[in-house]
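What follows is a single structure, written as structure tokens, with notes after it.
The values are calculated or read from the model by the stated rules, or taken from the named source; none is laboratory data. The structure presented is a predicted model; accordingly, all values stated were derived computationally and were not measured. Because the Cβ atoms are built from the backbone with ideal geometry, glycine has one as well, and the counts that use them run over all protein chains shown.
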Amino acid sequence: MKNLIDNIPAGLIKRYEIINDCLLLNADCYKIIKYLEKYVGGILADPPYGINFKGKTRSTKKGDIYAGGSYRVSHKPIIGDSKPFNPSFLLSKKPTILWGANNYCSHLRGNNGWLVWHKDGGIKGFAMSECELAWTNFLKSIKHISHMWNGFRRDSETGEKVLHPTQKPIEVMKWCISHLPKDCQVILDPFMGSGTTLVACAKMNRKGIGIELDEGYFDIACKRVEDAYRQPDMFYGGLK
């Protein structure tokens, strides 16, 4: 992984960490992605959707399980989410998965291969989206996973604090990786956030490169990836 750093001009990377088979970069992905493309086998990203997501939410809807309660989430704003997102710089022939693509699908070519994450578990009064969608450029059909992720009601990572406003379950990101071609060994997440994609890579014996501009989230991602290598998934036979 160190040789990748040497190919990026000085000054474009604030910090970097190499943790086993994962490279984490504290940098602006728009400025450095072109220097990494030839090393990458595929892209798995949850970019800012351009929806100006608010970190504090409280429902007033009658019957909602959160109605009248205190704010259930408090996070700082997502960098880049206050303006429309254009994914054109990520589009190539490499296998690509882009979450939230229904918010910017006008920039994407038509394709039948979408991933659907159903996350409400049938709870009445679920205030947020019941599903999330990811566009792919390589699947030929729609794939679906049901995985509860609703406040303290979760199918995984129960009792663990959510560290990023759009953080996804590790199991969902592992599911995404399972759909990428087997020869896609180096996976790039240009909007790393709290590092869930790289945690999933660590648990599935894939190499990962993550880019995150926010220094606070970069630190969180580093810790989570380190922890993932200390606690490998036995299903995958440990880490190579």
Enumerate the pairs (first residue in the stretch 213-240 and farther than 16 Å from Thr197 by Cβ and among the small types (Gly, Ala, Ser); second residue anywhere and modelled with pLDDT under 95 and in a loop (DSSP other than H, G, I, E, B)) with beta-carbon separation below 6 Å, excluding pairs fewer than 6 apart on the same chain, so at least 6 apart or on different chains. Gly238/Pro232
Out of (1) touching a residue at least 40 places away in the same chain (Cβ under 8 Å); (2) more than 16 Å from Arg206 (Cβ to Cβ), what's the single condition that is false for Ile13? (1)
Among the candidates Ile18, Ile43, residue that is loosely packed, with under 14 Cβ neighbours inside 10 Å, touching a Lys or Arg at 6+ places or on another chain (Cβ under 9 Å), aliphatic (A, V, I, L, M) and modelled with pLDDT of 50 or more: Ile18
Being at pLDDT below 95, of a type in the set (Lys, Arg), farther than 20 Å from Trp99 by Cβ and part of a loop (DSSP other than H, G, I, E, B) narrows it down to one residue among Lys54, Lys61, Lys83, Lys38; which is it? Lys61
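Check every one of the strands (runs of 3 or more DSSP E) wholly within the stretch 88-201 and list those with 3 or more residues that are at pLDDT 90 or above, in contact with a Cys (Cβ under 8 Å, 6 or more places away or on another chain) and of a type outside the set (S, T, N, Q). Quick ask: steps written out before the conclusion?
Values: elements: 96-99, 114-118, 131-136, 143-146, 186-189.
The qualifying strands (runs of 3 or more DSSP E) are 114-118.
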Could you please let me know if Ile43 is in a helix (DSSP H, G or I), closer than 26 Å to Pro169 by Cα and touching a residue at least 12 places away in the same chain (Cβ under 8 Å)? no
